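A short write-up of the structure that comes next.
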Amino acid sequence: NTASTQGINLYEGIKFAFDSLAKTGNSFSLNVIDTKQDEETVKSIVLKPEFYDADLIIGPVYNSSMKIAAEYAKKYEIPIIA
C-alpha cells in the first residue's frame, strides 16, 4: 500500500535525522505508534495526558486520521507535520 510505504519512508528519514542530531550531543525522545488507519485508535492516543506535552506530532499518514490529529495539535498548539 502506497501510504504505508510513505509512512515507513518518512519514519526512516526521521530516524536518520534524529540519529545524526544525537551524534552532535542532542537528546530526543521519539514515540512511534502504528494507528493502523483506525480513527478510534487515533482518538484514544490524542486523549492521553502524555501527549499534552509533545513538542511535535508527525503524521498520521491517512487523511481521516490526520484531521483528528490536526484538531488536537491546534487545540494544544503543537506543531504537526503531515
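Miscellaneous remarks
- Under the condition of being at negative phi and at pLDDT below 80, the residues counted in the range 31-50 number 7.
- Comparison of 67, 15 shows that the only residue that is in a helix (DSSP H, G or I), at pLDDT 85 or above and open to solvent by 100 Å² or more (accessible area, probe 1.4 Å) is 67.
- Failed item, numbered, when residue 43 is tested on (1) surrounded by 10 or more Cβ atoms within 10 Å (Cβ to Cβ); (2) outside any helix (DSSP H, G or I); (3) not hydrophobic (A, V, I, L, M, F, W, C): (2)
- Number of positions in the range 46-64 that are in contact with a strand residue (DSSP E or B) (Cβ under 9 Å, 6 or more places away or on another chain) and either acidic (Asp, Glu) or open to solvent by 50 Å² or more (accessible area, probe 1.4 Å) (or both): 2
- Among residues of the range 70-82 being in a helix (DSSP H, G or I) and either open to solvent by less than 40 Å² (accessible area, probe 1.4 Å) or aliphatic (A, V, I, L, M) (or both), the one that is nearest to residue 4 (Cα to Cα) is 70.
- Filtering the range 1-26 to residues that are without any contact (Cβ under 8 Å) to a residue 12 or more places away in the chain and closer than 14 Å to residue 58 by Cα leaves 8, 9, 12, 13, 17.
- Check on residue 29, open to solvent by 80 Å² or more (accessible area, probe 1.4 Å), without any contact (Cβ under 8 Å) to a residue 40 or more places away in the chain and within 13 Å of the chain's Cα centre (by Cα): yes
The values are calculated or read from the model by the stated rules, or taken from the named source; none is laboratory data. Please read these numbers as outputs of a predicted model, since none were measured by experiment. Don't worry about glycine lacking a Cβ; one is built from the backbone with ideal geometry, like all the others, and counts go over all protein chains shown. Quick note on the areas: whole protein, heavy atoms, side chains included, nothing else; ligands and nucleic acids left out. Shrake-Rupley method; radii C 1.70, N 1.55, O 1.52, S 1.80 Å.
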